[in-house]
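Report on the following structure.
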Amino acid sequence: QVQLVESGGGLVQPGGSLRLSCAASGTIFAFNVMGWYRQAPGKQRELVATITSGGTTTYANAVKGRFTIAKGNAKNTVDLQMNSLKPEDTAVYYCSGNYGRSAYWGQGIQVTVSS
C-alpha cells in the first residue's frame, strides 16, 4: 500500500519561512511527478507546485518567487521551501505523487501564517 507522509507544517508569522517534506513508502516504482497542493477553508484544493522526475518544475502564480519545490535525496521524496509567507498561504498542504494514471495523496498538513 502506497503511503505519502507530510512533515514540517505549523504556525509561522507573516514573512517567515517553513519547509515541508514528503516521503512515500510502500512502492518500488518512482513517481513521474510529485507535487504540493493546498486547500484553504471554504476553498477548493489548488496546485502549489510540481516537479517531474526530470526536474521540471511548475508553480502557481501566487507562490512564484517565494516557494521552491525540490526532489529529496531519497526516491519518492519531495520538499517545499516556503519563504515570505503570507496569511493567505494558510491552508492544509497535501503531497501528491503520480505514476502513470495513478495518483496518490498524503493526508495533509496544516500551515498557518498568522501574527
Q) Does the range 91-100 contain any residue that is surrounded by fewer than 16 Cβ atoms within 10 Å (Cβ to Cβ), closer than 22 Å to residue 10 by Cα and touching a strand residue (DSSP E or B) at 6+ places or on another chain (Cβ under 8 Å)? A) no
Given the conditions (1) at positive phi; (2) part of a strand (DSSP E or B), every one holds for residue 93 apart from (1)
If we keep only residues of the range 59-79 that are under 24 Å from residue 113 (Cα atoms) and touching a Gly at 6+ places or on another chain (Cβ under 8 Å), then the residue most open to solvent (accessible area, probe 1.4 Å) is 79
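The values are calculated or read from the model by the stated rules, or taken from the named source; none is laboratory data. Treat the numbers as computed from the prediction; the structure is a model and nothing was measured. Using ideal geometry, Cβ is built from the backbone for each residue, glycine included, and neighbour counts are taken over all protein chains shown. For accessibility, only protein heavy atoms count, side chains too; no ligands or nucleic acids. Shrake-Rupley method; radii C 1.70, N 1.55, O 1.52, S 1.80 Å.
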